[in-house]
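Before any comments, here is the structure.
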Amino acid sequence: MVRKHYVFHGRVQGVGFRITAYQKAIQFHLTGWIRNLSDGTVEACFQGNKEAIEDLIRYMQTIRYIKIEKMEIEEISVLNDEKSFEMKY
């Protein structure tokens, strides 16, 4: 199990990025959260199976109306008590 913090840059707000990532995270049994930032980026923490997180990111890169130009990625400490994936506002 891993936990990764992401900041996504590009065409990632106003295109369904958060809801799509939320749905995929649930489907892949990930925990964590996702939110829009005021600078036009999207920030997220995904926790779970490393391959599932990689599959989610690959899927997001295939959606034609989303354009991820850059990702900042940091591996951080696992939160053992986290049980769900949430959309933050």
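Numbers for the structure displayed
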{"read-out": "Contacts under 7 angstrom Cβ, first residue in the stretch 46-65 being under 19 Å from Met87 (Cα atoms) and of a type in the set (Gly, Ala, Ser), partner modelled with pLDDT of 95 or more and buried (at least 20 other Cβ atoms within 10 Å of the Cβ), 6 or more apart", "value": "Gly48/Leu30; Gly48/Thr31; Ala52/Leu30"}
{"read-out": "One residue from Ile57, Ile68 being of a type outside the set (Gly, Ala, Ser), under 11 Å from the mean Cα position of the chain (by Cα) and surrounded by 14 or more Cβ atoms within 10 Å (Cβ to Cβ)", "value": "Ile57"}
{"read-out": "Identity of the residue in the stretch 1-21, aliphatic (A, V, I, L, M) and assigned to a strand (DSSP E or B), that ends up farthest from the chain's Cα centre (by Cα)", "value": "Val2"}
{"read-out": "The stretch 22-75, residues that are among the hydroxyl-bearing types (Ser, Thr, Tyr) and not in a strand (DSSP E or B)", "value": "Tyr22, Ser38, Thr41, Tyr59, Thr62, Tyr65"}
{"read-out": "Conditions (1) surrounded by 15 or more Cβ atoms within 10 Å (Cβ to Cβ); (2) free of Cβ contacts under 8 Å to residues at least 40 places away in the same chain; (3) farther than 15 Å from Arg58 by Cα; (4) not basic (Lys, Arg): number failed by Phe28", "value": "(3)"}
{"read-out": "Residue match in the stretch 37-48 (condition: over 11 Å from the mean Cα position of the chain (by Cα) and closer than 18 Å to Val2 by Cβ)", "value": "yes"}
{"read-out": "The lone exception for Glu82 - which of (1) outside any loop (DSSP other than H, G, I, E, B); (2) under 16 Å from His5 (Cβ atoms); (3) of a type outside the set (Val, Ile, Thr) it fails", "value": "(1)"}
{"read-out": "Tally, over the stretch 1-24, of residues that are surrounded by 19 or more Cβ atoms within 10 Å (Cβ to Cβ) and in contact with a Ser or Thr (Cβ under 8 Å, 6 or more places away or on another chain)", "value": "3"}
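The values are calculated or read from the model by the stated rules, or taken from the named source; none is laboratory data. Predicted model, so just to flag it, every value in this text is computed and none were measured. Methodologically, a virtual Cβ is constructed for each residue, glycine included, from the backbone with ideal geometry; neighbour enumeration extends over all protein chains shown.
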